[in-house]
1. Hey, among TRP6, TRP22, which residue is under 27 Å from ARG139 (Cβ atoms), of a type in the set (Phe, Trp, Tyr), in contact (Cβ under 8 Å) with a residue 40 or more places away in the chain and not in a helix (DSSP H, G or I)?
2. Of these, GLY160, GLY192, which one is touching a residue at least 60 places away in the same chain (Cβ under 8 Å), within 22 Å of SER53 (Cβ to Cβ), part of a helix (DSSP H, G or I) and not basic (Lys, Arg)?
3. Mind listing whichever residues of segment 3-16 are surrounded by 11 or more Cβ atoms within 10 Å (Cβ to Cβ) and either over 23 Å from ARG65 (Cα atoms) or out of contact with any Leu (no Cβ under 9 Å at 6 or more places or on another chain) (or both)?
4. Does segment 59-77 contain any residue that is closer than 26 Å to LEU186 by Cβ, touching a Phe, Trp or Tyr at 6+ places or on another chain (Cβ under 9 Å) and not charged (D, E, K, R)?
Amino acid sequence: MNYAKWIAHFNRNKQNRQEPDWSAPIHVPPAMLAPMLRSIEQFRLGDGGGPASLIAFDRENFRSRTDEMRQIVDLWFAEEAEHARLLGCAVQRLGGRVITSHWSFTAFCLCRRVFGVQFELQVLTLTELVSTGYYRMLRKYSPDGPVAAMCELILRDEGGHVSFHRDRLMDKGRPQPGWSGWLWRLQFLLCGYAAGTMLWVNHAPGLKAIGGNTLEFYSEITRQMTRFIRSLRRPVRYPIVPALWAKPVELRLAK
């Protein structure tokens, strides 16, 4: 894995980040404002508002692979904490409150802690993918310009996170050829739809209030997951076999 590339990426990504104009006038109809605000309040907790780090019981098995990987993980979660800051600004702008607990977030963290770092990394990868679907819909339908600008910034980061996880999985040799690879893809999709469904259960009222719908959400997360899986394909290396119609070559042995 090219560690230097990812360290450079995360450091470069800190630059040229235009802060949304949080002081701009708010023109959001009350029927949209309340459910959208509740969704953003809860999303802030899940996207960097909790423990902005790996929390699995064996997390050091991954973090301590190299000094570079430890640095990359810290830079990755620093961006997650930045997302929580941006979402907190949106909550404050819209007159909301900062929440510190939610049943779905508690369950999410428990699974991450108990099932080990490899499971946690898969869960976080899937969270990046389904969150991309959420932010794309929020950006598309948001009646508030600064919230849409916030989504643009976060989506910029999520694109890098998804690419990092792609490189991480390919470095690990995932997915493998044959049946094992097919089963890995299947479980990845099933877990992804489970994560997406959990997100939709909690955030559907907010997205529907501003114009989104169930079909669009599931179409979006399907597109994100299938694009990610396709990006894991490796070029096939065929053995060099002389064509049957090739002209025979006379070999002359040196005397």
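1. On the way: TRP6 fails: not in a helix (DSSP H, G or I).
Exactly one residue qualifies, and that residue is TRP22.
2. Working: GLY192 fails: within 22 Å of SER53 (Cβ to Cβ).
Only one candidate passes the filter, namely GLY160.
3. At the first step, the residues of segment 3-16 found to be surrounded by 11 or more Cβ atoms within 10 Å (Cβ to Cβ) are 3, 5-11, 13-14.
Within segment 3-16, TYR3, LYS5, ALA8, ASN13, LYS14 meet the criteria.
4. no
This table checks each residue for (1) out of contact with any strand residue (DSSP E or B) (no Cβ under 7 Å at 6 or more places or on another chain); (2) within 14 Å of LEU199 (Cα to Cα); (3) surrounded by 15 or more Cβ atoms within 10 Å (Cβ to Cβ).
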{"site": "LEU45", "(1), (2), (3)": "yes, yes, yes"}
{"site": "GLY48", "(1), (2), (3)": "yes, no, yes"}
{"site": "ALA56", "(1), (2), (3)": "yes, no, yes"}
{"site": "PHE62", "(1), (2), (3)": "yes, no, yes"}
{"site": "ASP74", "(1), (2), (3)": "yes, no, no"}
{"site": "ILE99", "(1), (2), (3)": "yes, no, no"}
{"site": "PHE105", "(1), (2), (3)": "yes, yes, yes"}
{"site": "CYS111", "(1), (2), (3)": "yes, no, no"}
{"site": "TYR134", "(1), (2), (3)": "yes, yes, yes"}
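Read the figures in this text as sums done on the coordinates, not as results from a lab. Everything quoted here is computed from the prediction, not taken from an experiment. Using ideal geometry, Cβ is built from the backbone for each residue, glycine included, and neighbour counts are taken over all protein chains shown.
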